[in-house]
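Enquirer: Input: one structure, supplied below.
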Amino acid sequence: MNNITLIGMPGCGKSTIGVLLAKTLGMDFLDTDLLIQKQENCLLQQILNQRGLEYFLKAEEKAVLSAICSNTVIATGGSVVYSPSAMAFLKKCSTIIYLQLPFDEIMARLSNITTRGIAIPAGETMADVYKERTVLYQQYADLILNCTGQTPEQTISAILRLQADRKERPE
């Protein structure tokens, strides 16, 4: 288990933190949103608009399950937690870290909700999605990191401390 997987809401910093963490640890980096776009030859928002939410979630699951890697920091899409098989796969090959932020901070960071490719079921709001997903993020996380008000550098330092603390404690 030498991968690190970052989960959390859109806007919590998974991609930004992932790149920096990979550089800090000398690891590779994989963004599953970019993998979906490559496999589908389409932007995330276009997949949602043209093929629908169910297709998008299946494409996300397929992309994650195809990500056979080691020594890699993996930044997932926020909706990956809707796939038990994708999460079981990630759990087997990585330490899963939930980058936790309060709803207000997520919303302050998201200026492009309608073009970003966020999987929001019809009739639901971002608040509904946040409430539903936070339970799943907590369920799947090996480590939970409260990132409220932190810079990316502070978040990286906190992840390194969590990892070190975890290694010192017998499981």
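Enquirer: Report, as a whole number in µm² per second, the diffusion coefficient that Stokes-Einstein gives for segment 7-92 at 20 °C and 1.002 mPa s using the Kirkwood radius over alpha carbon pairs.
Expert: Once the numbers are plugged in, D ends up at 163 µm²/s.
Enquirer: List the residue ranges in the chain for DSSP H helices whose C-alpha atoms run 15 angstrom or more along the long axis and whose Kyte-Doolittle average is 0.0 or above.
Expert: Those that clear 15 Å and a mean of 0.0 are 14-25, 53-65.
Enquirer: Let me ask another. Report, ordered by chain and residue number, the aspartates and glutamates lying within cross-link reach of LYS23, taken as a straight Cα distance under 16 Å and ignoring same-chain residues fewer than 8 apart.
Expert: ASP31, GLU153
Enquirer: Report the dimensions of the chain along its three principal axes from the alpha-carbon atoms, largest first, rounded to Å.
Expert: 48, 34, 26
Enquirer: Sticking with this structure for a sec: Which FRET efficiency value, to the nearest 0.05, is calculated for ASP28 and ASP165 with the Förster distance at 22 angstrom and r the Cβ-Cβ distance?
Expert: Efficiency for this residue pair is about 0.35.
Enquirer: Let me ask another. Summing -39500 (n - 2.57) over the DSSP H runs of n ≥ 4 in the chain and dividing by its residue number, what mean residue ellipticity at 222 nm do you reach, to the nearest 500 deg cm²/dmol?
Expert: -16500 deg cm²/dmol
Enquirer: Would you calculate the separation in nanometres between label points at ASN49 and ALA122, each defined as 7 Å from the Cα along the Cα-to-beta-carbon direction?
Expert: Here the modelled spin labels are 1.8 nm apart.
Enquirer: Relative contact order for the chain: what percent, with Cα pairs under 8 Å and sequence separation of 6 or more?
Expert: Computed over the chain, the figure is 34 percent.
Where a number appears in this text, it was derived from the coordinates with a stated rule and is not lab data. Note that the coordinates shown come from a computational prediction; the quantities given were computed from them, not determined experimentally. Neighbour counts run over all protein chains shown; Cβ positions are idealised from the backbone, glycine included.
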